[in-house]
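The values are calculated or read from the model by the stated rules, or taken from the named source; none is laboratory data. Note that the coordinates shown come from a computational prediction; the quantities given were computed from them, not determined experimentally. All Cβ positions, glycine included, derive from the backbone under ideal geometry; neighbour counts span all protein chains shown. Keep in mind that these areas ignore ligands, DNA and RNA; they rest on the heavy atoms of the full protein, side chains included. Shrake-Rupley method; radii C 1.70, N 1.55, O 1.52, S 1.80 Å.
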Amino acid sequence: MAQAWDKLVAINEALLQGVEDPDDRIATMHRIAEIYEEKLADEVSAFTWFGHAVREVPADERSIEELERLAAVTHGWPDAITVYADVFEQQEESSIKQMAALRMARAFEEELGDAESAEATYRKVLELDAYETSALEALDRIYLNYVEWERLAEILGRRIEVAVSDEDRVELLYRLGKVYEEQIEDFDKAIAA
């Protein structure tokens, strides 16, 4: 029975060579991935095909969801990060680059526990958009956890600039003042905050 499914995969792979429409290409890649996962019990190959789909159409939510689901199942987070890094390098559109960098950084931080790589990747996001809120919040968390007071003060300053509510702004100003007073011991900046 597995041979029949292998043949179906081969047929779909051959068909893919002649397909130009992005939606049809993604649908074919999804079909190949589904055969690998559901019929051949080969989650690694399914993951690989969803990775191809993300590289080809980075904004396709289903491809991203399946890639990350299978990354968790197969312990393939380093490979998922590679997919997102490829997207980041190959795409011109800022919003796509930002999405790829955010997903990469989240995987570094939450899945691999690599705060240093997460920080560097969140910084790439800020190069694209200096006030991207989820990157600022993540860097706030990282710098607080790793006692990087000067960097935390910088990020808190940016967060204050983009705070939506007065309540958030007051809380962030209070935190910034405490960092300057208690950690950096710059009392003039603490008073100014």
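Could you work out how far helix 77-90 tilts from the main Cα principal axis of the chain, as a 0 to 90 degree angle to the nearest 10?
So the inclination is approximately 80 degrees.
Give the carbon-plus-sulfur fraction of the accessible surface of region 122-193 in %, rounded to a whole number; probe 1.4 Å, heavy atoms of protein chains only.
48 percent
On a 0 to 90° scale, report how tilted helix 94-106 is relative to the longest principal axis of the chain, with both axes built from alpha carbons and the result rounded to the nearest 10.
For helix 94-106, the angle is close to 80 degrees.
Would any residue of region 130-153 have its amide N under 11 Å from a label point 7 Å out along Cα→Cβ of Glu167? List them or say none.
No residue qualifies, since no backbone N sits under 11 Å from the label point.
Quick one: accessible surface of Glu137, probe radius 1.4 Å, all protein chains present, in square angstrom to the nearest 10.
Accessible area, nearest 10 Å²: 90 Å².
If you line up the long axis of helix 133-145 against the longest principal axis of the chain, both from Cα atoms, how many degrees apart are they, to the nearest 10?
Tilt relative to the chain: about 70 degrees.
Output ³J(HN,Hα) for region 44-51: one whole-Hz value per residue in order, computed from phi by the Karplus curve 6.51 cos²θ - 1.76 cosθ + 1.60 with θ = phi - 60°, and x for Gly and Pro.
So the J values, rounded to whole Hz, are 5, 5, 4, 4, 4, 5, 5, x.
Determine the calculated [θ] at 222 nm for the chain from helices alone, applying -39500 (n - 2.57) to every DSSP H run no shorter than 4 residues and normalising by the residue count; nearest 500 deg cm²/dmol.
Helix contribution divided over all residues of the chain: -24000 deg cm²/dmol.
Leaving ligands and nucleic acids out of the surface, order Trp77, Trp5 by accessible area at 1.4 Å, largest first.
From most accessible down to least: Trp5, Trp77.
What are the lysines whose alpha-carbon lies under 25 Å from the alpha-carbon of Lys39, with same-chain residues fewer than 8 places away excluded?
Leaving aside lysines fewer than 8 places away in the same chain, those within reach of Lys39 are Lys7.
Using a 1.4 angstrom probe on the protein heavy atoms only, could you order Tyr131, Tyr180 from most to least accessible area?
The most accessible residue leads, giving Tyr131, Tyr180.
So the label point goes 7 Å from the Cα of Ala192 along Cα→C-beta, right? Which residues of region 135-160 then have their backbone N under 20 Å from it?
Once the point is set 7 Å along Cα→Cβ of Ala192, 149-160 turn out to lie under 20 Å by backbone N, inside region 135-160.
Keeping every protein chain in place, order Asp166, Asp129 by accessible area at 1.4 Å, biggest value first, i.e. largest first.
Asp166, Asp129
Report D for region 54-193 in µm² per second (integer): Stokes-Einstein, Kirkwood Rh on Cα pairs, 20 °C, 1.002 mPa s.
Value of D from the Cα-based Kirkwood radius: 132 µm²/s.
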